[in-house]
Amino acid sequence: MTTTSPVCAPSPSPATRPGTAVVTGIGVAAPNGFGTAAWWAAVLRGESGIGPITRFDASGYPVRLAGEVPGFVAADHVSSRLLPQTDRVTRLSLAVAREALDDAGVDPAGLPDYGAGVVTASSAGGFEFGQRELQALWSRGSRYVSAYQSFAWFYAVNTGQISIRHGLRGPSGAVVSEQAGGLDAVAQARRQIRRGTPLMITGGVDSALCPWGWAAHLADGRLSTADDPAVAFLPFDAGARGHVVGEGGALFVLEEAEAARERGAAVYGSIAGCAATFDADGSAHLADAARLALADAGVTRHDIDVVFADAAGDRAADRAEAAAIAGLFGRFGVPVTAPKSMAGRLLAGGASLDLAAALLALRDQVIPPTTGTRRPADDCPIDLVTGAPRRGVRLRTALVLARGQGGFNAAAVVSRAD
Amino acid sequence: MKHLDLSELTALLRECAGQEEGVDLDGDVLDTPFTDLGYDSLAMLQTTGRIERDYEVTLDGIVDGAGTPHAYLDAVNRALAAQEAA
């Protein structure tokens, strides 16, 4: 893989190039709002969804805060036949996928066979389901393990259930690259659009808020042990002390631009550029992912109006990201924000939620704030939007950054619909 | 003597695998294929496992070909009777 920027020949604007993937539908489940409209309104109000864990008794654990999706009643979104065979993450995914399809105003049944596919990101599949069945196995015996464990735990289960429910039999798959997955999945779906599939559902919704999941999160060693939700997750702050884990994410309906126009679909924006890099030998390549995504979009750094940061909430990782952004755009050279400060890091769903925020920021011409953090640390020379939304800025193109544990980097450039 | 009847079977199907929309399990379903009732092989595997536990019976290979509640109940009750006799 090369990390040098390819030279881009002049080309039509990304939103109109044939094979361009545009977003025509958005669905969201987030700790600070279930449903796109509720979540986005909460984000602009600076309302956090981080609080004490209620899903299990976390009193004995060193970390007791999380971002839980509020008010989700599975039976309202999932059939009685599906309830015994689905983890919470799949139920959330099905609800979010339906919102995205409804938002796009498209009836998948009317599409040609194999004309629509699904690519979602996952980090651990149906973890809570898996914990329950492992407990049954080791405490009561193999006869007590659900037959549905065969697939309910699996990374690809959300893709599979969305595909089955809506009859989407086109190119499909699952991407596992930790927190970078929420962008990597969209990049893969975009490839399928370019190869001729008219419609894709893509993004990530994730959840692992159970004792087994918690043990895995804690082993990561980067979680904040604060008990006060207001100061637990402070990206780029001098007092950053780790992150909070949340659940949720976003799914999108992606369509080929021309096809979307023909059916008169409302378009949020285009996925103009995508790239992924991998850290190796102690060197960080987040900036390279950003450069490659810009090149892929055929834009320069001057075209980027706002950056949605990965925002690890870890001093070293924050410094590294700030250096990457400042290196690319200059010190304080571009507005940067991290609305995930209100949701926590959502595993494979996080970067998808940031992508949704970027698209709505472009639509509403407003940069959502980073909450908690009052100002970035002196060693993070970035123009971080804090406290309140920033309005009165012209937003045409946004850059979304994501890093996944283990060395994954991903970047996506989204452009406003014309 | 242990015995499984239709209402017990439909209750277990509901509990183990849910109920397909538009299907009336309380109606005359004795000879309706499980597939028409919305139950696939995994649903039957899950339900059979539950019956094996609740009724302390082994049904390995015994209910595999039973495509309707009628055939399934016959197979299960034969196994229960055979176990009782043994």
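Every number here is computed from the coordinates shown, using simple stated rules; none is lab data. Every value quoted in this text rests on a predicted model; they were computed, and no experiment measured them. In this analysis, Cβ positions are derived from the backbone assuming ideal geometry, glycine residues included, and neighbour counts consider all displayed protein chains.
What the table shows:
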| item | result |
| --- | --- |
| Gain in span if fully extended, residue A:194 to residue A:302, counting 0.36 nm per residue against the direct Cα distance | 36.2 nm |
| Charge dipole (debye, nearest 20) of the protein assembly as shown; +1 at Cβ of Lys and Arg, -1 at Cβ of Asp and Glu | 1920 debye |
| Mean Cα-pair separation over length for segment A:273-416, i.e. relative contact order, pairs under 8 Å, 6 or more apart, % | 35 percent |
| Fully extended contour minus Cα-Cα distance, from residue A:216 to residue A:102, at 0.36 nm per residue | 37.5 nm |
| Taking segment A:324-396 and dividing mean pair separation by its residue count, relative contact order in percent (alpha carbons under 8 Å, at least six apart) | 39 percent |
| Positive-pole candidate from A:259, A:146, A:413, dipole of chain A, charges at beta carbon | A:259 |
| Distance in nm between pseudo-label sites at residue A:266 and residue A:75 (7 Å out along the Cβ direction from Cα) | 3.3 nm |
| Ranked list, fewest to most other Cβ atoms within 10 Å of each Cβ, for A:332, A:408, A:151 | A:332, A:151, A:408 |
| Cα centroid separation, segment B:9-86 to segment A:234-300 (Å) | 49 Å |
| Residue order, fewest to most beta carbons within 10 Å, for A:236, A:56, A:129 | A:56, A:129, A:236 |
| Point-charge dipole on Cβ atoms (K/R +1, D/E -1) for segment A:21-262, about Cα centre, debye to 20 | 580 debye |
| Cβ-derived FRET efficiency at R0 41 Å, residue B:24 paired with residue A:61, nearest 0.05 | 0.30 |
| Burial ordering of A:379, A:354, fewest other beta-carbon atoms within 10 Å first | A:379, A:354 |
| Among A:308, A:347, A:389 - extreme Cα towards positive end, dipole of segment A:273-416, charges at beta-carbon | A:389 |
| Mean ellipticity per residue at 222 nm, deg cm²/dmol - from DSSP H runs of n ≥ 4 across chain A, formula -39500 (n - 2.57) | -9000 deg cm²/dmol |
| Segment residue B:56-residue B:6, length gained on full extension (0.36 nm per residue, minus Cα span) | 16.2 nm |
| At R0 = 30 Å, FRET efficiency that the Cβ-Cβ distance of residue A:405 and residue A:140 yields, to 0.05 | 0.35 |
| Size descriptor, Kirkwood hydrodynamic radius, that averages inverse alpha-carbon separations across chain A, Å | 21.0 Å |
| Inter-label distance for residue A:281 and residue A:45, nm, one decimal - labels placed 7 Å from Cα along Cα-to-Cβ | 5.2 nm |
| For chain A: relative contact order, % (alpha-carbon pairs under 8 angstrom, 6 or more apart) | 23 percent |
| Cα gyration tensor category, rounded, prolate or oblate, for segment A:21-262 with a/c compared to 1.5 | oblate |
| Virtual spin-label span in nm between residue B:74 and residue B:36, 7 Å along Cα→Cβ | 1.7 nm |
| Net charge dipole size for chain B [Lys, Arg +1 and Asp, Glu -1 on Cβ; Debye, nearest 20] | 320 debye |
